[in-house]
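Below is one structure, written out as structure tokens; the observations come after it.
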């Protein structure tokens, strides 16, 4: 497993804990790394995980609104905690990180396959793909770090988001 995927999984765990405990982000991060976090994770991956978690929590209202617009007939509060936080994390990457959007979708799907259900993976893919199309049309991504796509997952290219249905 790539270090960036491991970082995303750590960020998801922090987001899950924040969703359940309503803990302040700074306290959450300190507690996670002191008691729950992966001890062997390298400093850059740890910093990436922390940045993703803190950033996602800081922008939850904005992220939830984008998700809500594409999650027809689903309230955010009724989604499984894991699923809504995978969505939030990926949409945060779409908007605030130099990760290519397709990579963010593929990573979200891989994490969903590990932590959620097959049906949830399809649900997540559909919502993320729709949000990506909206953003590509109205806010083309200009801050992309192309090197992320080739190094993000050491297992090589994944199934494209458009064909994962």
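Residues that are farther than 24 Å from residue 26 by Cα, out of contact with any helix residue (DSSP H, G or I) (no Cβ under 9 Å at 6 or more places or on another chain) and not in a helix (DSSP H, G or I) occur in region 73-85; there is at least one. Does residue 88 count as closer than 12 Å to residue 131 by Cα, buried (at least 17 other Cβ atoms within 10 Å of the Cβ) and at pLDDT 95 or above? Yes.
Just a yes or no: is a residue in region 25-44 closer than 20 Å to residue 134 by Cα, surrounded by fewer than 20 Cβ atoms within 10 Å (Cβ to Cβ) and either touching a helix residue (DSSP H, G or I) at 6+ places or on another chain (Cβ under 6 Å) or in contact (Cβ under 8 Å) with a residue 24 or more places away in the chain (or both)?
Taking region 25-44 first, the residues closer than 20 Å to residue 134 by Cα are none.
Checking region 25-44: not a single residue is closer than 20 Å to residue 134 by Cα, surrounded by fewer than 20 Cβ atoms within 10 Å (Cβ to Cβ) and either touching a helix residue (DSSP H, G or I) at 6+ places or on another chain (Cβ under 6 Å) or in contact (Cβ under 8 Å) with a residue 24 or more places away in the chain (or both).
State yes or no: is residue 114 assigned to a helix (DSSP H, G or I), closer than 18 Å to residue 17 by Cβ and touching a helix residue (DSSP H, G or I) at 6+ places or on another chain (Cβ under 6 Å)? No: the conditions fail for residue 114. For region 72-82, the count of residues that are in contact (Cβ under 8 Å) with a residue 12 or more places away in the chain, surrounded by 13 or more Cβ atoms within 10 Å (Cβ to Cβ) and over 20 Å from residue 127 (Cα atoms) is zero.
Close contacts from region 118-139, counting a first residue that is crowded, with 19+ Cβ neighbours inside 10 Å and a second that is not in a helix (DSSP H, G or I), with Cβ to Cβ under 6 Å and a gap of 6+ residues or different chains, come to 125/164; 127/71.
Quick one: is residue 98 farther than 24 Å from residue 135 by Cβ, surrounded by fewer than 21 Cβ atoms within 10 Å (Cβ to Cβ) and touching a helix residue (DSSP H, G or I) at 6+ places or on another chain (Cβ under 9 Å)? Give the steps one after another, and end with the answer.
On the way: farther than 24 Å from residue 135 by Cβ: no; surrounded by fewer than 21 Cβ atoms within 10 Å (Cβ to Cβ): yes; touching a helix residue (DSSP H, G or I) at 6+ places or on another chain (Cβ under 9 Å): yes.
When the stated conditions are applied, residue 98 does not pass them.
Residue 7 meets all of the listed conditions (1) under 16 Å from the mean Cα position of the chain (by Cα); (2) without any contact (Cβ under 8 Å) to a residue 60 or more places away in the chain; (3) more than 16 Å from residue 108 (Cβ to Cβ) but one, namely (3). Please go through region 1-24 and pick out each residue that is loosely packed, with under 11 Cβ neighbours inside 10 Å and touching a helix residue (DSSP H, G or I) at 6+ places or on another chain (Cβ under 9 Å). Matches in region 1-24: 20 only.
The values are calculated or read from the model by the stated rules, or taken from the named source; none is laboratory data. In this text, all values refer to a predicted model and were calculated from it rather than measured experimentally. When we count neighbours, we look across all protein chains shown, and the Cβ atoms used for this are built from the backbone with ideal geometry, even at glycine.
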